[in-house]
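Just so it is clear, none of the values below were taken in a lab; they were calculated from the coordinates. What you see is a predicted model; the values in this text were computed from it and never measured. Ideal geometry is used to build each Cβ from the backbone, glycine not excepted, and the neighbour counts take in all protein chains shown.
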Amino acid sequence: MNNFEAHHALVGAIAIATSAYIYLASRTTEAKAKRAGARLAPGPKRMFLLGNLLEFPKDRWLETFTSWGKQYGDVVYLNLAGVPMIILSSLEAAEDLVGKRAAVYSGRPYARMVLDLMASGYSLVFLPQGHEFNEQRKLFRLSLGPQ
C-alpha cells in the first residue's frame, strides 16, 4: 500500500469513527432528555458509553447510595452502560414519584421478541399500560371467576 492509499484509509477510518461517535452520543439518555426539554436528576459524573458503571458499588450499596443522596439530593440519576437508574434517598421522594405519579413513571419495556414474534402481542404480562392491557385484564379476571 502506498502513501496515498494509506492516507485515504486513515481519513476513511476517522470519518467512520466520528460518525459512530455522533450517532452514539445522540442516542444517550442525556441527549434524549435535552431534545425533549427535560432535565435529568443530578448524580455522579458519567463517562461516555460506560456511564457510572465503574463507580457503581459491588457491595455496601447502602453507604454509597446514602452518601450520593447527601451529595446530590433525594433523587439521584445513574447510567450503567446505557441502563438508566434512579435512586430515591428519602421517603418523601419515593412517595411522590412511586405513589402519586405512578401512572407517569411505571411501565414495562417493550419486548419485541416476546410480543411480536412469539406471543403475537397477546401476553398480559408484557403489555404496557393502556387500553389493550385493560381489556385483556378484564378477560383474565372474568376467566378466573369470583373467588
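Worth a mention:
- Cα-based helix-to-principal-axis angle, 61-72 vs the chain, degrees rounded to 10: 70
- Computed on the chain, with alpha-carbon pairs under 8 angstrom and 6+ residues apart, the relative contact order is 13 percent.
- Each Lys and Arg Cβ is given +1 and each Asp and Glu Cβ -1; about its Cα centre, the chain then shows a dipole of about 240 debye.
- Under a model in which nothing but the beta-carbon of Lys, Arg (+1) and Asp, Glu (-1) is charged, region 9-51 shows a dipole of about 240 debye around its Cα centre.
- Inverse mean reciprocal Cα-Cα distance (Kirkwood Rh) of the chain, Å: 19.7
- Listed residues N134, N52, N79, most fluctuating in the chain (Gaussian network, C-alpha, under 10 Å): N134
- Between amide H atoms placed 1.01 Å from N, distances below 5 Å from G51 occur with A81, all of them 5 or more places distant or on a separate chain.
- Local electrostatic count, S89, Cβ distance below 9 Å [Lys/Arg +1, Asp/Glu -1]: 0
- 3J(HN,Hα) from dihedral phi, region 137-143, Karplus parametrisation 6.51/-1.76/1.60, rounded to Hz, x for glycine, proline: 5, 4, 4, 4, 5, 5, 5
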